[in-house]
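Engineer: Pasting a structure here, questions to come.
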């Protein structure tokens with residue numbers, strides 16, 4: 001246990017490599033867990049770094065596990081904890097005081113971004129399936145991904161008066177001003193100076209299909225960073241994916257190689273390739289690129305006129321695809337709504353069979369509504385007929401946009417799907 005300056009005890013575990021301590025001490029890695037997790041949930045990661053010759057410190061964030069205090073959602077208090085633990089860790093005789101990195105997943109990754117913005121002196125970092133704009137990720141176009149937000153809140157509300165106090169509004173997309181302000185203070189992108197001022201080497205690991213934090217959360221950071229950087233988009237993530245995924249051995253090997261390069265000074269070529277994308281579902285298949293790939297937009301016009309009542313969905317299909325596609329980038333769906341009454345949410349889901357290709361939503365108005373689609377990397381085979389649903393919620397079995405009782409009536413006219421895809425599929 002380590003007591004913080006406000007008296008809150010933080011529970012931690014230290015891992016020390018076998019063998020004699022090298023001159024100057026072992027290079028170190030701080031390992032941060034996800035929301036509602038604890039240091040035990042990242043033991044496999046911490047152990048892998050220790051085996052590779054790194055001193056490791058993993059700890060329960062305040063309000064989590066055996067640590068005391070309340071969860072303030074990766075806010076200034078959590079940043080102060082990380083700064084204090086980093087300073088105490090660097091002072092240990094077996095740890096090199098200037099060669100300390102940090103690895104964080106989801107909530108832990110968000111804390112690392114905030115720490116970088118606050119000038120916590122990490123020599124290199126790795127952020128995994130996390131956010132750079134919390135509001136943009138969970139409330140795109142001012143409509144909550146209610147199933148995701150509700151799930152996150154349920155896991156921590158008992159130890160977070162802050163979250164408990166805003167949970168209902170956050171889930172139901174009401175009174176979002178305080179939510180937006182809170183999220184902005186916990187996101188690296190809206191801050192003065194932005195990402196260009198961050199020169200710490202950063203390796204970003206993001207999932208191909210992640211309903212909480214899509215590819216844009218990492219790609220926009222990658223594009224803006226001013227220092228050494230690398231991006232891997234792999235087969236892991238929040239729902240409907242999992243961590244670890246099929247490619248976990250590659251992820252761990254890359255994680256060690258990044259620190260070997262930037263903490264041990266080993267010229268191993270890990271930073272020679274800037275962007276790597278895993279093939280869908282594969283443990284070993286991947287492509288290497290020199291920069292972020294470009295995407296193209298293809299339009300599919302779906303005419304018709306239908307009425308959506310309550311939580312019923314309007315569903316339309318494209319013609320069979322003439323060639324396979326793989327999504328990448330931010331597409332959109334234009335929905336003509338000639339009339340609506342008491343219809344507070346318009347949710348669009350694009351499916352291939354039962355698999356979500358993308359989705360989005362907004363608070364509708366009469367006329368044309370442009371719904372931006374989440375950025376997922378999904379392979380769709382030739383001959384597939386894409387299905388687009390429009391209504392007040394996601395289709396049954398999909399939790400991203402939950403429906404609420406009392407939705408009114410909307411007339412749905414022409415639907416135009418503008419799908420963003422890679423110039424050439426990498427999977428399949």
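The values are calculated or read from the model by the stated rules, or taken from the named source; none is laboratory data. Here the structure is a predicted model, which is why all the values come from computation and not from measurement. Here the Cβ positions follow ideal geometry from the backbone for every residue, glycine too, while neighbour counts run over all protein chains shown.
Engineer: I'm trying to understand the selection: among the residues of the stretch 199-221, which are farther than 28 Å from residue 398 by Cβ and buried (at least 22 other Cβ atoms within 10 Å of the Cβ)?
Structural biologist: 200, 201, 202, 203 - these are the residues of the stretch 199-221 that are farther than 28 Å from residue 398 by Cβ and buried (at least 22 other Cβ atoms within 10 Å of the Cβ).
Engineer: In the stretch 47-78, how many are touching a strand residue (DSSP E or B) at 6+ places or on another chain (Cβ under 6 Å), crowded, with 20+ Cβ neighbours inside 10 Å and in a loop (DSSP other than H, G, I, E, B)?
Structural biologist: Looking only at that region, the number is 2.
Engineer: Now for a separate question. Residues of the stretch 373-385 being within 12 Å of residue 358 (Cβ to Cβ) and surrounded by fewer than 22 Cβ atoms within 10 Å (Cβ to Cβ), which ones?
Structural biologist: Residue satisfying the conditions is 378 alone.
Engineer: So which of 115, 102, 124 is in contact with a strand residue (DSSP E or B) (Cβ under 8 Å, 6 or more places away or on another chain) and within 16 Å of residue 12 (Cα to Cα)?
Structural biologist: Matching residue, one of 115, 102, 124: 102.
Engineer: Filter the stretch 137-176 down to the residues that are in contact (Cβ under 8 Å) with a residue 12 or more places away in the chain and on the phi > 0 side of the Ramachandran plot, then identify the one that is surrounded by the fewest Cβ atoms within 10 Å (Cβ to Cβ).
Structural biologist: The selected residue is 142.
Engineer: Report whether or not residue 257 is more than 19 Å from residue 291 (Cβ to Cβ), within 20 Å of the chain's Cα centre (by Cα) and outside the structural domain of residue 345 (by TED's automatic domain parsing).
Structural biologist: no
Engineer: Within the stretch 358-367, work out how many residues are out of contact with any helix residue (DSSP H, G or I) (no Cβ under 9 Å at 6 or more places or on another chain) and either closer than 23 Å to residue 325 by Cα or surrounded by fewer than 13 Cβ atoms within 10 Å (Cβ to Cβ) (or both).
Structural biologist: The qualifying residues number 4.
Engineer: While we're looking at this one, here's another question. I need a count of the residues in the stretch 117-136 that are in a helix (DSSP H, G or I) and either free of Cβ contacts under 8 Å to residues at least 40 places away in the same chain or surrounded by 24 or more Cβ atoms within 10 Å (Cβ to Cβ) (or both).
Structural biologist: 1
Engineer: Residue 428 is checked against (1) in the same structural domain as residue 318 (by TED's automatic domain parsing); (2) surrounded by fewer than 19 Cβ atoms within 10 Å (Cβ to Cβ) and fails just one. What number does that condition carry?
Structural biologist: Unmet for residue 428, out of (1) in the same structural domain as residue 318 (by TED's automatic domain parsing); (2) surrounded by fewer than 19 Cβ atoms within 10 Å (Cβ to Cβ): (1).
Engineer: Next question, about the same structure. Run down 65, 75 and say which single residue is on the phi > 0 side of the Ramachandran plot and in contact with a helix residue (DSSP H, G or I) (Cβ under 9 Å, 6 or more places away or on another chain).
Structural biologist: 65
Engineer: Tell me the helices (runs of 4 or more DSSP H) entirely within the stretch 144-228 that contain at least 2 residues that are closer than 23 Å to residue 238 by Cα, modelled with pLDDT of 95 or more and not assigned by TED's automatic domain parsing to the domain that holds residue 36.
Structural biologist: In the stretch 144-228, 146-156, 161-172, 177-184 are the helices (runs of 4 or more DSSP H) which contain 2 or more residues that are closer than 23 Å to residue 238 by Cα, modelled with pLDDT of 95 or more and not assigned by TED's automatic domain parsing to the domain that holds residue 36.
Engineer: Would you point out the residue of the stretch 397-422, among those that are assigned to a loop (DSSP other than H, G, I, E, B) and over 24 Å from the mean Cα position of the chain (by Cα), that is nearest to residue 366 (Cα to Cα)?
Structural biologist: 413
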